[in-house]
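These notes concern the structure reproduced below.
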Amino acid sequence: MIRAFIAIELNDNTTIDKIKSFSARLKQNQDNLKIVAPENLHLTVKFLGNISESLAPKIYKILKEEINENMFKGKVIEYKLKGVGQFNKFSILWVKLIGDIQFLQEIKNSTEELLDKRLDIQRDRRTQFKPHLTIGRLKKDKINYQTFSALKNLINENKNLEFGPFVVDQVKLKKSDLTPKGPIYSDLVY
């Protein structure tokens, strides 16, 4: 079995450096905050979970031929990463993606439909695409409440902080190996 997901990677080093710098400020506030490693920053299109090794090449082929070749058609679309927010009572901290969100919704919808029809991979329950890059995770039982209000203020004060460009030109099938030091992501290519 392979733990897998479909994603769009962040590759702009200047943008990554700005996210690293901001993440370090968050980490100063909450020691137990797990920061996403710079090489792991991505926009998730679909989390697949554990899939069989025989299924991975079929998913890869659909992404390559139907999504990357037919929908992107060599296009490069520029987005902007701007603003910080949180989900689930600060358990997930993220940076917002600004730009042609409708195109990304179409990518997600097509991916879901193709995987469902051709490979019987269940669609996500949430159909609305909320494009964001997770930059940190904080378990509720690990929150330092002595500095928690400062964390909330830091996030609220940076709702319009600009991190830089995010270029989108393809989706990738990614493998996630879970380790004690955090996940290691690699491309699945066939």
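Only the coordinates and a few stated rules stand behind these numbers; no lab work does. Computed from a predicted structure; not experimentally measured. Methodologically, a virtual Cβ is constructed for each residue, glycine included, from the backbone with ideal geometry; neighbour enumeration extends over all protein chains shown.
Arranged from highest to lowest average of other beta-carbon atoms within 10 Å per residue, in what order do the peptides 168-177, 54-63 appear? Don't skip to the end; give the middle numbers.
Numbers: 168-177: 18.8, 54-63: 17.0.
The packing order, highest mean first, is 168-177, 54-63.
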Exercise. So what's the net charge close to Lys75: Lys and Arg +1, Asp and Glu -1, counting the other residues with Cβ under 13 Å from its Cβ?
Worked result: -4
Problem set entry | Per-residue ³J(HN,Hα) for segment 85-90, Karplus 6.51 cos²θ - 1.76 cosθ + 1.60, θ = phi - 60°, Hz, x for Gly and Pro | x, 8, 10, 6, 6, 6
For this session: Measure up Lys18/Lys139; Lys20/Lys130; Lys73/Lys159 against 28 Å on the Cα-Cα distance and list the ones that go over.
Result: Lys73/Lys159
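What number, in nm² with one decimal, is the all-direction average of the projected area of the convex hull of the alpha-carbon atoms of segment 2-187?
Mean projected area of the Cα convex hull: 10.7 nm².
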Exercise. Of Pro180, Pro38, Pro131, which is the most mobile in a GNM of the chain whose springs link Cα atoms less than 10 angstrom apart?
Worked result: Pro180
For this session: Search the structure for amide H atoms under 5 Å from the amide H of Gly136, placed 1.01 Å from N in the peptide plane, and list their residues when 5 or more places away or on another chain.
Result: Val36, Leu93
Exercise. Dimensions of segment 24-73 along principal axes (Cα, Å, largest first)?
Worked result: 45, 29, 15
Exercise. Relative contact order for segment 90-190 using alpha-carbon pairs under 8 Å, separation at least 6, rounded to a whole percent?
Worked result: 26
Exercise. For segment 136-187, what is the largest minus smallest coordinate of the Cα atoms on each principal axis, given in angstrom and ordered from greatest to least?
Worked result: 40, 31, 13
Problem set entry | segment 92-140 - Debye-derived log10 I(q)/I(0), Cα point model, q = 0.18, 0.19 Å⁻¹ | -0.70, -0.75
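Within segment 103-133, list the trypsin sites (Lys or Arg not before Pro) lying in a DSSP loop whose Cβ has at most 15 other Cβ atoms in a 10 Å radius.
Values: sites: Lys108, Lys117, Arg118, Arg123, Arg125, Arg126; in loops: Arg123, Arg125, Arg126.
The qualifying sites are Arg123, Arg125, Arg126.
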For this session: Working from Cα positions, state the angle (0 to 90°, nearest 10) between the long axis of helix 13-29 and the longest principal axis of the chain.
Result: 40
Exercise. Using the alpha-carbon atoms, what tilt in degrees (0 to 90, nearest 10) does helix 148-157 show relative to the longest principal axis of the chain?
Worked result: 60
